[in-house]
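Note sheet for the following structure.
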Amino acid sequence: MKRFFRVFKTLLLVYYAYMVEYRAELILWVLSGSLPIILMGVWTQAARQSNFGLTPTDFARYFLSVFLVRQLTVVWVIWEFEREVVEGKLSLRLLQPIDPVWHHVFSHVSERFARIPFAILLIVLFFFLYPTAIWVPSFTTVILFALSIVLAFTLNFLIQYTLALLAFWTERASSLQEFWFLFYLFLSGVIAPLEVFPPAVRTLALFTPFPYLVNFPANILVGLPTDLVQGFLVMIGWSAGFFLLNRWLWKRGLKQYSGMGA
């Protein structure tokens, strides 16, 4: 156990120092996730002219929550892993006494700590421009939101890392992520809350993992009606499924990788 915490601390500090070294790039990463802020203006204006079941304030709070959720759950492991496999750098990681995935996990976790200060500045600016949208979530809401964020990040990471393992068989595994991103963009709640979708589309979407990556945590933080038990169970179920698929692909992929002379 002591060794585990020592490795945990070392990897976290190393990757945090690496992320902080590129502060200017971090600002660009934060700004690249500001699409929900732009869409917020569109939907709040539309809500003043039509009835979507949500007020302009609800839309403002929702898209601010979407911005925060995306900042906390963004994943890029597929591009890193693809490069490691294609360039042969994975061989060095396989010589180490830990699973290579932990390097990617701690890289993502440490980046959250480096990213959050810039995201907070944008949130403060948002409340300065839209003071009517200010709200204070309850302690229970914050706890549930934090739990949903952990599960959403875990599910998002498992999905992308599972797709990344296909790099053992193709040099363009990242193209699968781009195809997956199309469904993510429309069904996760990034473009619009699921509440404004047609009932049939909303029901179908709830059986996929997409709404639980963004819409579900955002609804919890804002306080919009949502089935907490169903949401958490579906997230755990999808995570377990992708974990099993991930481990199967990893074992098969290592044989393929060694077969290529690595």
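Can you tell me the accessible area per residue over the chain, all protein chains present, probe 1.4 angstrom, in square angstrom?
On the way: 13950 Å² over 262 residues.
Here the per-residue accessible area is 53 Å².
DSSP H helices in the chain with Cα extent of 24 Å or more along the helix axis and mean Kyte-Doolittle hydropathy at least 1.6? Could you put the intermediate results ahead of the total?
On the way: long enough: 2-20 (27 Å, 0.77); 56-73 (25 Å, 0.49); 101-129 (41 Å, 1.37); 139-164 (37 Å, 1.90); 228-259 (46 Å, 0.40).
Taking the DSSP H segments of the chain (at least 24 Å long, mean hydropathy at least 1.6), we get 139-164.
With a 1.4 Å probe and every protein chain kept in, tell me what percent of the accessible surface of the chain is carbon plus sulfur.
Values: 9930 of 13950 Å².
The value for the chain is 71 percent carbon and sulfur by accessible area.
First check a/c for the chain, with a ≥ b ≥ c the square roots of the eigenvalues of its C-alpha gyration tensor; if it is under 1.5, answer rounded, and if not, answer prolate when a/b is larger than b/c or oblate otherwise. Provide the component values of the computation, followed by the final result.
Working: a/c = 2.04, a/b = 1.62, b/c = 1.26.
Since a/c reaches 1.5 and a/b is larger than b/c, the shape of the chain is classed as prolate.
Could you name the aspartates and glutamates whose alpha carbon sits less than 16 Å from that of Lys251, not counting residues in the same chain fewer than 8 places away?
Counting by Cα, and skipping residues close in sequence, Lys251 has these aspartates and glutamates nearby: Asp99.
Computed over the Cα atoms of the range 84-208, what is the convex hull's projected area averaged over all directions, in nm²?
Working: hull surface 45.1 nm².
Mean orientational projected area (the range 84-208, Cα hull): 11.3 nm².
Suppose accessible area is computed on protein heavy atoms with a 1.4 Å probe; arrange Glu171, Glu82 from highest to lowest. Provide the component values of the computation, followed by the final result.
On the way: Glu171 135, Glu82 20 Å².
Solvent-accessible surface, decreasing: Glu171, Glu82.
The values are calculated or read from the model by the stated rules, or taken from the named source; none is laboratory data. Nothing here was measured: the structure is a model prediction, and the numbers come from that model. Note: areas computed on protein heavy atoms with side chains; ligands, DNA, RNA excluded. Shrake-Rupley method; radii C 1.70, N 1.55, O 1.52, S 1.80 Å.
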